[in-house]
1. Stretched out fully, how many nm does the piece from Q197 to T118 gain, at 0.36 nm a residue minus the Cα gap?
2. Would you kindly state how much longer the chain becomes between T225 and Q95 on full extension, computed as 0.36 nm times their sequence separation minus their alpha carbon distance, in nm to one decimal?
3. Quick check on the exposure proxy: order V164, V56 from fewest to most C-beta atoms within 10 angstrom.
4. Please list the non-local residues whose amide H lies under 5 Å from the amide H of V240, H modeled 1.01 Å from N, same-chain partners needing a gap of 5 or more.
5. Search the structure for amide H atoms under 5 Å from the amide H of E230, placed 1.01 Å from N in the peptide plane, and list their residues when 5 or more places away or on another chain.
6. Length gain on complete extension for the stretch R107 to K151, per 0.36 nm per residue less the alpha carbon to alpha carbon distance?
Amino acid sequence: MKNVIKIAMTVVLSLVAVDAAQACYCGAARWAVCRRACCCESCTGCTTVMRTCQKVVYQPRQYTCYRTCYEPVCEQKTVTAVRYVPETRYRSCVQTVCRPVYETVEREFCYTVCRPVTSMQTVKVCCGRWEMRNVECCASNPCDPCGPAVKTTRQCRVWVPQVVEKQVACVRYVTETVKKKVPCTVCRMVSEQRTLQVPYTVCKAENYQTTVSCVRYVAKQVPYTVTRCEPQVVTTQEPVQVCCPAACQ
């Protein structure tokens, strides 16, 4: 753009120089000399001449330019990847464990029992009997119910008690502590060293081939149109009226 402006300024300065030179040749220079030399008399005649003029005209012009664009391109590539696979391994560990040992031993237990003891005791037992006896009783007179009671005798069944001594066996219970040996099984813990296989997991790296999608950018020249206004010098013929003064006496 700066080069275009410099070119336009150069053309304008050249046109100004051409117009000044043509004005001298058309009589302007002589007219100035005449005015200084003579007494400025009126012009005797005018004439029309054709003057060549140049002017700068800006005309649009289209240019085709190219710019670099990057276009993505998808590609399938085979790459080597790493994956971790779990693996179970074993290691030996020595541990102290307690092992149960069962034994049969005799233990003495004490318990209380009730033992029966029999003894003879003399007790008095009432052994009576029933007897028919005459018993006096008061009864009303059937001939005179409202009169006094009359004593009468009648037979009644009467219980006659009789106390007899007897030997009776009595049983009483006496508590007694008894000791007894009973076999029983006991458990005791015995410590011992054991080697155990303890599992643990590790991750093992493993390489494998896989296909992945990759994006690659490819440079591409894309054309586009640019419109610029360029200066152009146009030459035209224009009529100019020139008045020529008369010569001084």
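Every number in this text was worked out from the coordinates using simple rules, so none of it is lab data. The shown structure was predicted, so the numbers you read here are calculated from the model rather than taken from an experiment. Virtual Cβ from ideal backbone geometry, glycine too; neighbours counted across all protein chains shown.
1. Details: separation 79, 0.36 × 79 = 28.44 nm, distance 7.30 nm.
Length gained, Q197 through T118: 21.1 nm.
2. On the way: separation 130, 0.36 × 130 = 46.80 nm, distance 8.70 nm.
That pair, T225 and Q95, stretches by 38.1 nm at full extension.
3. Values: V164 10, V56 14.
Lowest count first: V164, V56.
4. V49, M50, R51
5. Q59, R61
6. On the way: separation 44, 0.36 × 44 = 15.84 nm, distance 8.65 nm.
Difference between extended and current length: 7.2 nm.
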